[in-house]
Amino acid sequence: MNNSVVSTARLLGAGLRALLVLTVICGVVYPLAVTGIAQGLFGNKANGSEIKSEGKVVGSELIGQRYDLPLKKGQETPAPDLKWFQPRPSNGLGSNRDAGVNTRYDLILSGATNLSGDNKDLIANVRAAKAAVVKDNSTAGFKVKPSEVPAEAVTSSGSGLDPHISPQYAELQAHRVAEKNGLDVNKVEKLVGAHTDGRILGFMGEPRVNVLQLNVALKELVAAKG
């Protein structure tokens, strides 16, 4: 047999063996090992950081969601359900591509508006959002001033899916939430304080409140009231 044919056969055999070995290691052993370690040490994070209420998964602590009333006839977007704490606005490409920007946390692609600070549409949206925050959160005994509305209450995050709000925005909503649910406002404020996370490692980022976790705790507080 020609030496070149033998050499080629040996090279092909070696290549096939290497392919088989690497396929088993990289395609089977490594994924199983990583999955096993992730499930064993970081099960909740590996499964999407799920949040449960009454034994059911109600969302992820990584992705924001809204709390709205059922859509009424003639409405393009549902009104917020004011008995719940509300998140910051959301932006991104929605399920209907013809609709453009989607503000309901029902997104195909996350992202910011990319509008400049002097954009007329952005200015109008921020002003309208601020007016809505003032109106929705003012009660008979608590009036919200426009200067008290924090920035994240009227603007979306860079991803458009931020699940957190600032403690200031949560506290601003506490009076309205207490009134709508027949709760003592002090209990609602304590609930906000108990669900406020500090800076990461004590110095990175800002204090924040996960809206979904806070609303799960609110639901439990309302149920305990009877």
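The numbers here are math on the coordinates, done by the rules we state, and not lab data. Please read these numbers as outputs of a predicted model, since none were measured by experiment. As a convention, Cβ positions derive from the backbone with ideal geometry for all residues, glycine included, and neighbour counts pool all protein chains shown.
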Out of Asn3, Tyr169, Ile123 - ranked by how far each Cα lies towards the positive end of the dipole of the chain, with unit charges on the beta-carbon of charged residues - the top one is Asn3
On a 0 to 90° scale, report how tilted helix 30-41 is relative to the longest principal axis of the chain, with both axes built from alpha carbons and the result rounded to the nearest 10. 30
Toy charge model, Lys and Arg Cβ at +1, Asp and Glu Cβ at -1: segment 49-225 dipole around Cα centroid in debye, rounded to 20, equals 440
What's the center-to-center distance, using Cα atoms, between segment 135-177 and segment 180-226 in Å? 14
Could you work out how far apart the two model spin labels at Ala124 and Met204 are, taking each label as a point 7 Å from the Cα in the direction of the beta carbon, and quote it in nm? 4.1
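Kindly provide the helix-only [θ] at 222 nm of the chain, computed as the sum of -39,500 (n - 2.57) over DSSP H runs of four or more divided by all residues, to the nearest 500 deg cm²/dmol?
On the way: 7 runs with 96 residues, N = 226.
It lands at -13500 deg cm²/dmol.
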Hey, which lysines would be in cross-link range of Lys130, C-alpha to C-alpha under 29 Å, not counting anything within fewer than 8 residues on its own chain? Lys72, Lys73, Lys83, Lys120, Lys143, Lys145, Lys180, Lys187, Lys190, Lys219
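Would you kindly state how much longer the chain becomes between Ser4 and Lys45 on full extension, computed as 0.36 nm times their sequence separation minus their alpha carbon distance, in nm to one decimal? Don't jump to the answer; show the numbers that get you there.
On the way: separation 41, 0.36 × 41 = 14.76 nm, distance 5.46 nm.
Contour length minus Cα-Cα distance gives 9.3 nm.
At a Förster distance of 30 Å, what's the computed FRET efficiency of Glu54 paired with Val34, Cβ-Cβ distance as r, to 0.05? Display every interim value, and only then the final one.
Details: r = 32 Å, r/R0 = 1.08.
Result of the calculation: an efficiency of 0.40.
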Would you grab the residues whose amide H sits under 5 Å from the one on Ile51? Only those 5+ places off in sequence or on another chain, please, with H modelled 1.01 Å from N. Val58, Gly59, Ser60, Glu61
Angle in degrees between helix 3-24 and the longest Cα principal axis of the chain, rounded to the nearest 10: 30
